[in-house]
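Every number in this text was worked out from the coordinates using simple rules, so none of it is lab data. Since the structure is predicted, the reported quantities are computational estimates derived from the model, not experimental observations. Cβ coordinates were reconstructed from backbone atoms using ideal geometry, including for glycine residues, and neighbour counts include every protein chain displayed.
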Amino acid sequence: MATMSDADPPTTSSDSPDLPTVLTGTWPDRLRNIFARNLEPIFVIMIALAVVAVFYLFPHNRTAFLNFFYLPVLAAAYFLGKRKAMLGATLSILFMVLIAYFYPSSFIIEGDTVSALLLISIWGGFLILSSAAVGSLHEKLVKGFEETRQLLEELKRSRHMEEMKEKVEKALYATMDPVVAKLATEGKLRFEKREISIMFTDLTNFTAYSDRNRPDVVLEELNSFLGQIEPVIDLFRGHIDKYIGDGVMVEFGAPVDYDRHALLSVLAGLKMQEKVQKLNLPWKLRIGIATGSTIVGMLGVRRQAYSALGDRVNVAKRLEEICLPDRVNIDEPTFKAVEPFVVVTK
């Protein structure tokens, strides 16, 4: 991780104060903090001062100034919430009821106490309804914003998890069969006994060829050969278990089950021989195939790979070892499965 060294703080003289201090200073922050901590008592004082101002400044007709109280009450509904706004509205109503009771003539000309109180009641009802409506709306907005923020955070987390999953899958796809990688990340691979077909391939005279040529030439030719047979294996739904030097171990019918796995393996072997013969390579290909019950699953603890175990695996390897170049050797269970479709020689 790259690090940055702390820059030396700029030096300022006592005659020239720092620019941020000039623009903002510390007293606005203190004033704002004091106002935030004492918002409720400030609101009550504002209501009381408003009542006193209306009472003394407009002694003859205070009816026109009743709507003034909507401003602080609605402001309280927005900043303090519905409950505190309704308490403020109730406090305002109580103040005005007391004034109307003792000075009814201040609200209506030639009126009485009952008329003044009725006027105050109507005004107070609308004041409380307004505070409750605005407070409820603000609470819903705050709740909606909070839910939206939480959804955004969850979306970011899920997107991060998806990106991590894509990176893991990409790394797995580069080292193992994509189908196996997908099933492994989904936790769908397990040890089981299954009827499958196993193929082993090998190149004749490859060791002598590798001794006579430079490593880069050998690897280039070998990768060219593998690049020709891998698409054939994929086409016939084979799973490349591992590369054994110049040889390949392949399972058909695992990890995805296919009823005609024996036929798929034989057709893949024939197609691979076809491909190799057209390439005019300095070696020949031998293939052995065996079909039967094997144990399949993820092998290993820290480093895992999907593979097969059992007698049929050994038989397939032995068949490949005794196979003639350009041929495909199969065992009897494979022969019984493909007899209606393929011409074979005992």
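Points worth noting:
- Debye equation applied to the C-alpha atoms of region 275-346, log10 I(q)/I(0) at 0.18, 0.29 Å⁻¹: -0.84, -1.21
- The charge dipole of region 203-341, taken about the Cα centre with unit charges on the Cβ atoms of Lys, Arg (+1) and Asp, Glu (-1), comes to about 120 debye, rounded to the nearest 20.
- Once the mean of 1/r is taken over each pair of separate Cα atoms and inverted, region 226-285 shows a Kirkwood hydrodynamic radius of 12.0 Å.
- Counting only Cα atoms, the size of region 174-326 along its three principal axes is 45, 31, 25 Å, in decreasing order.
- Projecting label points 7 angstrom from Cα along Cα→Cβ for residue 49 and residue 26 puts them 2.7 nm apart.
- Efficiency of FRET between residue 219 and residue 166 - r from beta-carbon atoms, R0 45 angstrom, step 0.05: 0.90
- Summed residue charge, Cβ within 10 Å of residue 287's Cβ, Lys/Arg positive, Asp/Glu negative: -1
- Here, P(r) means the percent of Cα pairs in each 5 Å bin from 0 to the largest distance; for region 206-260 it is 4, 17, 24, 19, 14, 10, 7, 4, 1.
- Theoretical FRET efficiency, 1/(1+(r/R0)^6), r = Cβ-Cβ of residue 37 and residue 186, R0 51 Å, to 0.05: 0.40
- Two-site FRET efficiency, residue 301 against residue 257, from Cβ-Cβ distance with R₀ of 25 Å, rounded to 0.05: 0.45
- Relative contact order, whole percent, for region 237-346 stands at 25, derived from Cα pairs under 8 Å and 6 or more residues apart.
- Filter on 170/278; 188/284; 182/346; 188/346; 242/275 - keep pairs with C-alpha separation over 30 Å: 170/278; 188/284; 182/346; 188/346
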